[in-house]
Protein chains: 2
Amino acid sequence: MEERYLEDFAPGQIFRSDRLTVTPEAIIAYAREYDPQPFHLDDAAARGTLFGGLAASGWHTASLTMKLLVGSEFRPVGGIIGGGMEELAWPRPVRPGDELRLEIEVLEVRLSQSKPRQGVLRARCTTLNQRDEVVQVIVPKLVVPRRG
Amino acid sequence: MEERYLEDFAPGQIFRSDRLTVTPEAIIAYAREYDPQPFHLDDAAARGTLFGGLAASGWHTASLTMKLLVGSEFRPVGGIIGGGMEELAWPRPVRPGDELRLEIEVLEVRLSQSKPRQGVLRARCTTLNQRDEVVQVIVPKLVVPRRG
């Protein structure tokens, strides 16, 4: 897959990722390290909570989305580097056995005012499960170098 | 530490976390699993990039922030559960050896329109390093149960 400069991106372009299956072991391992709350650690403990059963931490979903993004067709020169985003939504939780994939839509491409050798790319990254239900939406602003 | 219902929170309250030191090994282990880009994996490879040296993935910073939050004085009844946030900013990267801590400021507390037994709490969670420089800001919307 070819790496792209700022000039090679345009609003409306869609890029896709591979698929990734989320095991209960992976959900629990992430939670033990970063988000040790009962509903992310144990299915029985999760039944009495808002989640009604084991659910991945939203930050685990975000981390897995980054893994899918790094391996996807979306390949800016220099890597995927951003200073943040205007939105992060988790409309439903990721469950054990879910198969995740990513759709990346380029929303905006613009030159930097202050740095002539780079620009800013805004994209909507939608993470979907095996039923095409949305589990996460982020709209990051990425730094992408200009050609030459 | 006492768990709080929605009624126990008010705008302007500040909660704090413990401190956590970020080792180079932890930066690399997270990156191998979730964000395998050269500037998160190897100090020498990172020198020629925008980062100028090994830097933690922004999603690693977010994951460590969640770890600090779960262990902090900020303890809503039922846990820390949110459907997303309006902002996520990484003004500077986390570096090997950085010591992180968290300040949580309650911005807004309101009843749910549709669910009489719960409400929504909006908070600004600022992650700082050992020089009191901001490495992350998030403003999550959390679901918090009402008393009784």
- prompt: Of these, B:ASP35, B:ASP18, which one is of a type outside the set (Lys, Arg) and surrounded by fewer than 16 Cβ atoms within 10 Å (Cβ to Cβ)?
  reply: B:ASP18
task: Considering each of B:ALA31, B:ALA26 in turn, give the residue that is more than 14 Å from B:ASP98 (Cβ to Cβ), assigned to a helix (DSSP H, G or I) and either in contact (Cβ under 8 Å) with a residue 12 or more places away in the chain or not basic (Lys, Arg) (or both).
output: B:ALA31
task: Enumerate the strands (runs of 3 or more DSSP E) found wholly within region B:56-148, keeping only those where 1 or more residues are small (Gly, Ala, Ser).
output: B:82-89, B:118-128
- prompt: Can you name the condition, by its number, that B:LYS115 falls short on among (1) modelled with pLDDT under 95; (2) under 27 Å from B:ALA55 (Cα atoms); (3) not polar (S, T, N, Q)?
  reply: (2)
- line: Of the residues in region A:104-123, those that are buried (at least 17 other Cβ atoms within 10 Å of the Cβ) and out of contact with any Phe, Trp or Tyr (no Cβ under 7 Å at 6 or more places or on another chain) come to A:GLN118, A:GLY119, A:VAL120, A:ARG122, A:ALA123
- prompt: Does B:LEU50 meet the test of being part of a loop (DSSP other than H, G, I, E, B), surrounded by 19 or more Cβ atoms within 10 Å (Cβ to Cβ) and over 17 Å from the mean Cα position of the chain (by Cα)?
  reply: no
- request: Examine region A:126-140 for a residue that is surrounded by fewer than 18 Cβ atoms within 10 Å (Cβ to Cβ) and free of Cβ contacts under 8 Å to residues at least 24 places away in the same chain, and state whether such a residue exists.
  value: yes
Those residues of region B:42-65 which are touching a residue at least 12 places away in the same chain (Cβ under 8 Å) and either within 11 Å of chain A (Cβ to nearest Cβ) or in contact with a strand residue (DSSP E or B) (Cβ under 9 Å, 6 or more places away or on another chain) (or both), in sequence order: B:PHE51, B:ALA55, B:ALA56, B:SER57, B:GLY58, B:TRP59, B:HIS60, B:THR61, B:ALA62, B:SER63, B:LEU64, B:THR65
message: Among (1) surrounded by fewer than 19 Cβ atoms within 10 Å (Cβ to Cβ); (2) without any contact (Cβ under 8 Å) to a residue 12 or more places away in the chain, there is one condition A:VAL70 misses while meeting the rest; what is its number?
response: (1)
Matching option when the condition is at pLDDT 95 or above, within 19 Å of B:TRP90 (Cβ to Cβ) and acidic (Asp, Glu), among B:ASP35, B:ASP18, B:ASP8: B:ASP35
- prompt: What is the one condition in (1) within 13 Å of chain A (Cβ to nearest Cβ); (2) touching a residue at least 40 places away in the same chain (Cβ under 8 Å); (3) of a type outside the set (Ser, Thr, Tyr) that B:ILE14 does not satisfy?
  reply: (1)
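The values are calculated or read from the model by the stated rules, or taken from the named source; none is laboratory data. Quantities reported herein were computed from a predicted structural model and do not represent experimental measurements. Here the Cβ is made from the backbone with ideal geometry for all residues, glycine too, and neighbour counts use every protein chain on show.
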